[in-house]
Structures are given as structure tokens and as C-alpha cells.
Amino acid sequence: MTKKNHLSLVEDKISLIIWRNSQPMFMAILLLLMYELLESGLIALGSTTRLTAFGFTVPITAAMTALAVGTSIRCNNRAVKSACLDKSNISLSISQTLLSSGLILLTITILAYIFSSQLLQLLGNNSWLLSQAVIETPHLSTEQSIYITNRYLTWVFLGFVWQINAILRALNFTHIASNIMVAWITLKGALALLLLLPYSPLYFDSLVAISWVHGISDVTFTLISLYILHNKIKLKWPSFNEFKVQCKQPKITSILVIIQQLITPLSLAVLTVIAASFSQTYVAAFAIIFKLEAILLLIPMALTTSMPAIIGFNYWSGHHARVRQAFKYMFTIVITLQLLIAIVLYYSVDFWANSLCPHDNVSIHLNHFLIWLPWGYIAAGCVIVYQSTLNAKDKVIDATILGISHRLILLVPLAWIGFNDDEYSLYPALMLAHFMGGILVLYMFRRSNISTVKNLESQRQTAM
């Protein structure tokens, strides 16, 4: 990143900066989320049993993506710091960061692979395997096993795609990063349609086909991304001693950031376990709902690619008035657009529920989900963007507390109450949990503002 780029973050009009920095990645994120929904939709064209088999793996694959994103945030932060403070060694620093992040993912992959069956068992998969529907179609358990094994084998490549993309954005190659993401998802979508659409000449009616889609695209774009990054900064292979020194540096901040990314998959896993104890239909519905949730939160997710840098640079530069203005724009954008989405979905709920899944027992859950949850996502969106800006202000502990409070302390108990109350009470209960998370954001934001004002007054008095 250049000095001019740094100055633009603290001098240009806030609204212009938000648009300029968010827009390039918006389409990439939209396509990524649309692919996730396409994947579930294509599987839903088959039997409900296959969709349920896929649903039990969703929390695990969500954790894979979350850890890949978590390590990419680590890479992004290291790249920004190197670009600002140690430009002469940026190639070596980034190479070391990529290697260490890859080793982290590889270690977790080996552990997850060893305990793969136990992870599925914790999610309630074993009880489903004993159901009559699976006994009548025994090949589904084999499909599920091969699918999740293949996903483990290509997990590291998924991580490298995210990590290199984050580094390119950190070095101000935003448009290149966006184009890579768009091409990556386009390849995934094309392969998915080619292998999973019933009318395709290469149609392969199996979950294994999905693992091939991810494996081919992730390996391909790891190589492409590495080539592009190397052309930009000439990556350097570190010596053993250099890598050893880098590994010994304090990692508490990186660990907390990665933990934050695991909070949402953990909450999804807990919800899946609870749901499986009530009805397998919930699990089938969740296979689509968890993907749909990410699409409905597209706006705040897009803002997380720009707001941390905007808030962070102005905060550390002492431009507190601009920080408050940025927060005002951020919350206004999220609340306004999420409210608009909720209104549109409320008046077209039947169309979307029936379009997303042909099975009546699943589509009725989608109907209730689309009635209630989009209103809760007004508050959930505020939680997502505010948590990302707390990390930018080096308030990683506060960000972790917010994530745990929202997704585990509030959401899981209220979901349990909803499950026990009525078959469809889960959805208003989840909406309430999101609203309570929004109230927590309001409390933390007001407390932060009061603290900032007190610090500024203290500095003025000291100067006098």
C-alpha cells in the first residue's frame, strides 16, 4: 500500500471511501454466496435424504471456510503492517506468513481427518444413519464419507486461496483480488452445473461430485493466485532460522481472530445437534437455511472488507470525529438495506420458499425462516460489521466477547426454547436472539464513545 492510499483513508470523504473500498469485492462476495445456495439447491433436486446427509456436513465445511478466512485475516494484518513499517522485507514477511498459516491449517486438517467420524457423531449423524430412509439407501453413508474426506484433503488449498486474496487486498491490488474471486467462483459454479444438473450430459448423482468441484477449483486457483502474487512481490523462501523466529512471535491476537471465525460454525453445529434430536427435516432445511443466511447478510459482509481499514487508519491517526462519522454511515447503510430486504422478502415469502426447495416438508421451514429471520438480520448485520471494526482498533478481546455473546450465549439457549415450544417457534426465537445481539452492540458502542471522550478530555487537561 502506498502513502497516497494511506492519506486517502484519513482525508477523503468517508462515504466515497466506503463505496470505493467496498464495491470491488461486493460482486465477488455475492457470487460466492450465490454459489453456496446453488450448491444446496442442486442437491435439493435429488432426495430429501441426500440433502439431510449433506446437512450434517455443513457445520464442518463451514468451520473449514471459517478457519480459512481466519488465517486470511491474519495474513491481511501482517501484510498491511509490513507494507507500512518494513517495506524492504515485505516479500520475506509475506512468504513466512503464508507458510505459517498453511502449517496451521495443515495441522488442523490432520486432526479433523483423524476424528472425522467422531465429529459427525457429535452432530447426530449416527442416529440418522440408523433411520429407515438410510437403511433403504445405504450408498448415501458412503457418499457422505467420501465427500467429507475429499473436502479435508483439499482444505489447505481453500485456505491458500483466501490467504493470498487477503494479501493482494492488503497490498492495494483490490481489483485483481476481486477478479480472482469472481473467476474462482465462476469455475465452481460451472463445474457444479456440469456435474449436478440432472439435464447435464456429465450428470453424476452423488455428493462426491461436490467434493470434486471444490477440489478442482481450489487447487487450480491456489496455483493461479500464487503465480500472480509472486509476479507482484517476488516471494522469497525463508531460511529455517528466519522461519523459526517468525513462529516464536506472540500469537494471542491471531489465535483470538481465528477463534472468532469459529464461533459461527460452532453455533451452527450446536443447532444441528439440537435439530437432529427433534426431527431430521430440520437438518435438511438447515442445509439451505445456513447458506441462505449468508446471502441475506451480504451487505454487512461486504462492508467487513472495507470498514476495518477505514476505521483502523482513522482511529490510530487520532481522527476520532471521522471514526464517529464512519460508524454513522456504516450502521445507517446496514440498517436501511437490511430493513429493505426484510420488507421485500416478507411480501414474497411463498415464491422464494417454493423456488428454493421442491420438497413441501422443507419449504415450509424456509417459509417460516423468511418471515422471521430477515428482521433479525437488521441487528445481526450490525453485530458483524461492528465486530470487524473492533479487531481493527486492536480490541480483539471485546470482538471475541461480542461474537461469543451473540452466537452462543444468546442464540443457542433461545433456539433451544424455540425447539421445545413448537415446530416453527425456532425462527422467531432466533430473530429475538439477533435483536438482543444488536442491543449488546449499542451498549458496547456507547461505552466506547464515552471512553474515547474521557480520554480526549484527559489529554487536553494534560496538555494544559
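Inspect the range 15-30 for any residue being assigned to a loop (DSSP other than H, G, I, E, B) and either among the acidic types (D, E) or at pLDDT 80 or above (or both) and give the result as yes or no. Walk me through how you get there before you give the answer.
Of all residues in the range 15-30, those assigned to a loop (DSSP other than H, G, I, E, B) come to none.
Checked against the condition, which is being assigned to a loop (DSSP other than H, G, I, E, B) and either among the acidic types (D, E) or at pLDDT 80 or above (or both), the range 15-30 yields no hits at all.
Meeting the requirement of 2 or more residues that are at pLDDT 90 or above, of a type in the set (F, W, Y) and out of contact with any Lys or Arg (no Cβ under 7 Å at 6 or more places or on another chain), the helices (runs of 4 or more DSSP H) wholly within the range 109-207 are 139-153, 155-170. Of all the numbered requirements in (1) of a type outside the set (A, V, I, L, M); (2) more than 30 Å from T253 (Cα to Cα); (3) assigned to a loop (DSSP other than H, G, I, E, B), D394 misses one, and that requirement is (2).
Being over 20 Å from the mean Cα position of the chain (by Cα) and either more than 26 Å from L426 (Cα to Cα) or part of a helix (DSSP H, G or I) (or both) is a property that A380 lacks. Of all residues in the range 172-186, at least one satisfies being touching a residue at least 12 places away in the same chain (Cβ under 8 Å) and either touching a His at 6+ places or on another chain (Cβ under 8 Å) or aromatic (F, W, Y) (or both). Per the listing A284, A342, the residue uniquely in contact with a Phe, Trp or Tyr (Cβ under 9 Å, 6 or more places away or on another chain), closer than 27 Å to Q261 by Cα, modelled with pLDDT of 85 or more and crowded, with 23+ Cβ neighbours inside 10 Å is A284. In the range 167-216, the qualifying residues are those that are buried (at least 22 other Cβ atoms within 10 Å of the Cβ) and of a type in the set (D, E, K, R), and the one that is farthest from E143 (Cα to Cα) is R169.
Scanning the range 89-106 for residues that are within 13 Å of L226 (Cα to Cα) and surrounded by 20 or more Cβ atoms within 10 Å (Cβ to Cβ) turns up I94, S95, L98. Could you grab me the full set of residues in the range 417-441 that are out of contact with any helix residue (DSSP H, G or I) (no Cβ under 6 Å at 6 or more places or on another chain) and in contact (Cβ under 8 Å) with a residue 60 or more places away in the chain? Within the range 417-441, E423, I439 meet the criteria. Checked against (1) over 28 Å from S178 (Cα atoms); (2) buried (at least 17 other Cβ atoms within 10 Å of the Cβ); (3) modelled with pLDDT of 90 or more; (4) not hydrophobic (A, V, I, L, M, F, W, C), S348 meets all criteria but (2).
In the range 350-367, is there at least one residue being in contact (Cβ under 8 Å) with a residue 40 or more places away in the chain, outside any helix (DSSP H, G or I), touching a Ser or Thr at 6+ places or on another chain (Cβ under 6 Å) and hydrophobic (A, V, I, L, M, F, W, C)? Yes, that holds for at least one residue.
The values are calculated or read from the model by the stated rules, or taken from the named source; none is laboratory data. Because the structure is predicted, anything quoted here is derived from the model rather than measured. Heads up, the Cβs are rebuilt from the backbone with ideal geometry, glycines too, and the neighbour counts pull from every protein chain shown.
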